[in-house]
Amino acid sequence: MPKDELSGERAITIGGHAVLAGARQTIDLPIADLYTHAKLALPVHVINSKRPGPTLFLTAAIHGDELNGVNIVRRVIKLPEIRHMRGCLIAVPIVNVFGLIQRTRYLPDRRDLNRSFPGNVKGSIAARLAHLVGTEIVVKADFGIDLHTAAVDRENLPQIRANLSDPEVLALAKAFGAPVLLDSPLRDGTLRQFAGEAGIRMLVYEAGEALRFD
Ligand SMILES: [Zn+2]
């Protein structure tokens, strides 16, 4: 059963904010205080359809210099077709807000967010952000798509990386329409590993290069 059908009104609650069926809301989740005492927050767009269905999370820029996905998420949440969608979309255009501003893949101390899952509430900013994304985004969903690019000075052919031995994941990967599908092993500490262990089926999309809109 899709998770959003478990509650009577099909509200989805993110960071203590309930988004009712038929509602759309942007929620700022507090991540941590920076060493400047400035607050770091994670903006999350929740679009909850009136019509029941599964919940999908869509994340980009877990690596702060991987910009293509940022614009992909922004385009998706502006699509007119969203009005006819079933279920719920949890969209996070910039997961690593710190890295994006700094034009870097990493969080402070060169920590890689995509090696920091499941994270914890009292660790580094990377650990706290991983924990926040895991508990407030990933486990609220039935399916997920995480958008990446290659590292600096490299370019990735558009490709889906996923556990293709799972027939449902394979069907999702084919439907995505990327020219290449890779059956790729899990890496420790990644969002994909965390989601897999929580029973959430997901795709990673890799396309283009870092620090470039392509
Ligand atoms: Zn990446």
- prompt: Using only helices, what value at 222 nm comes out for the chain when you add -39,500 (n - 2.57) per DSSP H run of length 4 or more and divide by the total residues, to the nearest 500 deg cm²/dmol?
  reply: -6000 deg cm²/dmol
query: Nearest-5 percent of antiparallel DSSP beta bridges in region 3-208?
result: 50 percent
statement: TM-like helix rule applied to the chain (DSSP H, alpha carbon span at least 20 Å on the long axis, mean Kyte-Doolittle at least 0.5) gives none
task: Please report, in debye to the nearest 20, how large the charge dipole of region 39-91 is about its Cα centre when each Lys and Arg carries +1 at its beta carbon and each Asp and Glu carries -1 there.
output: 360 debye
statement: Charge dipole of the chain built from unit charges on the beta carbon (Lys, Arg +1; Asp, Glu -1), centred at mean Cα; most positive-end Cα among 40, 156, 195 is 40
task: Give the percent of DSSP beta bridges with both residues in region 1-122 that are antiparallel, rounded to the nearest 5.
output: 75 percent
Extension gain from residue 188 to residue 41, taking 0.36 nm per residue of separation minus the Cα-Cα distance: 50.4 nm
query: Label points 7 Å out from Cα along the Cβ direction at residue 115 and residue 79: separation in nm?
result: 3.4 nm
query: Tell me which lysines have Cα within less than 23 Å of residue 78's Cα, excluding those fewer than 8 residues away on the same chain?
result: 50, 140
Using a Förster distance of 35 Å, the FRET efficiency for residue 213-residue 50 (Cβ separation, nearest 0.05): 0.55
task: Can you spot the lysines whose alpha carbon is less than 20 Å from residue 122's alpha carbon? Ignore those fewer than 8 places along the same chain.
output: 39
- prompt: About its Cα centre, how strong a charge dipole does the chain have in debye, to the nearest 20, once Lys and Arg get +1 and Asp and Glu get -1 at the Cβ?
  reply: 460 debye
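Where a number appears in this text, it was derived from the coordinates with a stated rule and is not lab data. This one's a predicted model, so the numbers in the text were calculated from it and none came from an experiment. All Cβ positions, glycine included, derive from the backbone under ideal geometry; neighbour counts span all protein chains shown.
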